[in-house]
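Heads up, the thing below is written out as structure tokens.
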Amino acid sequence: MFPVARAALSLTARGIRQTAVRQAHRKHEPDFHDKHGNLVLIGGAVVFTAVWGYVLTQLGIEWGFSPVGRVTPKEWRQ
């Protein structure tokens, strides 16, 4: 193995070990996502549904409009 590659692997392994040790000694306390994650997710889903429900039902957008059958070609002028 090349010395540069061996040094890179050594640094990577050392970083992984330090991270594992740091996480093992850290006392786990609930953060924002542990406390409020599901509530925020449900709130976002409700807002998403309400906004799209309004857009689809109240704005009067004409869906699937096509000029086929409504537009007739004019006679060709010479």
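Values in this text are rule-based calculations from the coordinates and carry no lab data. All of these numbers come straight from a predicted model, not from anything done at the bench. Methodologically, a virtual Cβ is constructed for each residue, glycine included, from the backbone with ideal geometry; neighbour enumeration extends over all protein chains shown.
Observations
- Remark: the Val68-His28 segment gains 8.0 nm on full extension, using 0.36 nm per residue and subtracting the alpha carbon distance.
- Extension gain, Arg77 to Val55: 0.36 nm times the residue separation minus the Cα-Cα distance gives 3.5 nm.
- Net charge of neighbours whose Cβ lies under 14 Å from the Cβ of Leu41, counting Lys and Arg as +1 and Asp and Glu as -1: 0
- Selected from Val46, Val68, Val21 as most flexible by GNM, with the chain as the system and alpha-carbon contacts under 10 Å: Val68
- From the coordinates shown, mean projected area of the Cα convex hull in nm² corresponds to which of [x] 4.8; [y] 17.0; [z] 11.9: [y]
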